[in-house]
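The next block holds one structure in the form of structure tokens; read it before the comments.
The values are calculated or read from the model by the stated rules, or taken from the named source; none is laboratory data. As the structure is a prediction and not an experimental result, all values here were calculated from the model. Cβ placement follows ideal geometry from the backbone for every residue including glycine, while neighbour counts extend to all protein chains displayed. Ligands, DNA and RNA are stripped out before the accessible areas are found, and what is left, the full protein with its side chains, is counted by its heavy atoms. Shrake-Rupley method; radii C 1.70, N 1.55, O 1.52, S 1.80 Å.
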Amino acid sequence: MRIGHGVIRPVVLTVGDPFRCELVASLCDFAEQVEWCREYRTYNITFEGVDMTVVSHGIGGPGAAICFEELIKLGATTIIRLGTCGSLKPKEIKRGDLIVSTASCREDGHSDYMVPKGFPAVSDARLAIALHDTAKALKYKVHLGVTLTQAVFYPGPALASTLQLNADSGALSVEMENSTLFVVGTLRKIRTAAISCVDGCPFLWDEGEYDPHGIVVKEGKQKMILTGLKVGKQVAL
């Protein structure tokens with residue numbers, strides 16, 4: 001990230017897709033792009049009179065970790081991730097629903113190199129509750145619980161997928177960056193949290209249950225972003 005000190009605001013919203021930064025910016029009073037290098041796109045924003053930053057981190061734990069670490073070095077004290085995820089409970093959790101992660105199973109491909117194998121990846125409890133309660137107050141369908149972070153999107157033949165095992169153990173969803181964020185946050189002593197919009201179910205992909213660009217998911221992403229902005233504002237005040 002080619003950004004100097006004094007640019008990044010203490011409260012940062014992060015997204016995977018660089019173009020999702022534009023969607024966040026469109027919901028703000030003011031937004032200015034300050035840098036775009038590879039997958040890392042940065043805007044400074046003002047939402048309802050409160051200054052924050054939004055940054056894209058790309059896909060996967062290792063690249064996202066670079067983003068999180070550098071944001072912290074530049075002054076971030078709170079990072080809230082706004083992402084998409086796959087439902088591991090397709091009967092109860094549908095496309096467009098929101099999920100707040102209280103903790104995440106660590107299969108991210110990065111955090112094992114940072115902390116011992118049994119070390120937990122947990123969000124800041126107060127931030128997670130604030131995201132859940134804010135979404136509830138806005139009348140959005142939101143779930144709260146443990147999620148799974150996996151480094152693999154298309155599994156190969158070498159290892160059996162743990163999706164069903166994690167689902168049977170109680171994991172609500174799968175995505176690719178949350179546990180990395182939570183571990184970095186714990187190590188660097190900052191607050192982190194994550195809220196995601198469901199875009200399908202990996203168990204039902206062959207039946208067409210994956211639609212990241214459909215209307216229901218598009219509306220869900222806007223709800224997720226608005227929730228994140230409102231919680232970010234609460235933290236920044």
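With the contact rule set at Cα under 8 Å and sequence spacing of 6 or more, what percent relative contact order holds for the chain?
It comes to 26 percent, rounded to a whole number.
Kindly rank 43-51, 205-213, 110-118 from highest to lowest mean number of other beta carbons found within 10 Å of each residue.
Top of the packing list down: 43-51, 110-118, 205-213.
How much length is gained on full extension from Glu70 to His213, taking 0.36 nm per residue of separation minus their Cα-Cα distance?
Answer, rounded to one decimal: 48.5 nm.
Which one of Tyr140, Ala151, Asn166 has its Cα pushed farthest toward the positive end of the charge dipole of region 135-212, where Lys and Arg give +1 and Asp and Glu give -1 at the Cβ?
Projecting each Cα onto the dipole axis, the largest value belongs to Tyr140.
Please compute the per residue accessible area over region 61-126 with all protein chains in place, 1.4 Å probe, rounded to a whole number of Å².
Per-residue value: 42 Å².
Check region 83-147 and count each lysine pair with an alpha-carbon distance under 24 angstrom, considering only pairs eight or more places apart or from different chains.
Within region 83-147, the lysine pair count is 9.
I need the calculated FRET efficiency for the pair Tyr113 and Lys139, taking r as the beta carbon distance and R₀ as 35 Å, to the nearest 0.05.
Efficiency, from the Cβ-Cβ distance: 0.25.
Report, to the nearest 10°, how far helix 61-73 tilts away from the longest principal axis of the Cα atoms in the chain, using its own Cα long axis and a range of 0 to 90°.
Helix 61-73 and the main axis of the chain meet at about 30 degrees.
Quick one: if you stick a label point 7 Å off each Cα along the C-beta vector at Leu165 and Phe19, how many nm between them?
Output for this residue pair reads 3.7 nm.
I need the phi-derived Karplus couplings for region 42-57: 6.51 cos²θ - 1.76 cosθ + 1.60, θ = phi - 60°, integer Hz, Gly and Pro marked x.
Result, ordered by residue: 10, 10, 9, 10, 10, 10, 6, x, 10, 8, 8, 10, 10, 9, 8, 10 Hz.
Across region 210-225, in residue order, what do the Karplus-derived ³J(HN,Hα) couplings come to in whole Hz, using 6.51 cos²θ - 1.76 cosθ + 1.60 with θ = phi - 60° and x for Gly and Pro?
7, 8, x, 10, x, 4, 4, 5, 4, 5, x, 4, 5, 5, 4, 5
Ignoring ligands, DNA and RNA, what percent of the accessible area of the chain is carbon or sulfur (1.4 Å)?
56 percent
If you place +1 on the Cβ of every Lys and Arg and -1 on the Cβ of every Asp and Glu, how big does the dipole about the Cα centre of the chain come out, in debye to the nearest 20?
For this selection, approximately 620 debye.
Loop only per DSSP, at most 14 neighbouring Cβ atoms within 10 Å: give me the trypsin sites (Lys or Arg not before Pro) in region 32-107, ordered by residue number.
Those that pass, being in a loop and sparsely packed, are Arg38, Lys91.
Taking amide H atoms as placed 1.01 Å from N in the peptide plane, list the residues 5 or more away in sequence, or in a different chain, whose amide H sits under 5 Å from that of Gly83.
Ile195, Ser196, Cys197
Can you show me the helix-derived [θ] at 222 nm for the chain, built from DSSP H runs with n ≥ 4 at -39,500 (n - 2.57) apiece and divided by the number of residues, rounded to the nearest 500.
Taking each H run of at least 4 residues, the total per residue is -9500 deg cm²/dmol.
Using θ = phi - 60° and the Karplus relation 6.51 cos²θ - 1.76 cosθ + 1.60, list the HN-Hα couplings for region 179-195 in order, rounded to whole Hz, with x at every Gly or Pro.
Result, ordered by residue: 5, 4, 4, 5, 5, 4, x, 5, 5, 8, 6, 10, 8, 9, 7, 8, 10 Hz.
If Lys and Arg each add +1 and Asp and Glu each add -1, what is the summed charge of the other residues whose beta carbon sits under 14 Å from the beta carbon of Gln150?
So the surrounding residues net to -4.
Show which aspartates and glutamates lie in cross-link reach of Lys221 when reach means a straight Cα distance below 18 angstrom and same-chain residues fewer than eight apart are skipped.
Asp17, Glu22, Asp97, Asp133, Glu175, Glu177, Asp199, Glu209, Asp211
Residue farthest toward the positive end of the dipole of region 1-114, with Cβ of Lys/Arg at +1 and Asp/Glu at -1: which of Leu82, Met52, Cys105?
Comparing the listed Cα positions along the dipole, Cys105 ranks first.
Could you grab the relative contact order for region 53-158? Cα pairs under 8 Å, six or more apart, rounded to a whole percent.
32 percent
What is region 147-226's relative contact order, in percent, from Cα pairs under 8 angstrom and six or more apart in sequence?
Contact order relative to length: 23 percent.
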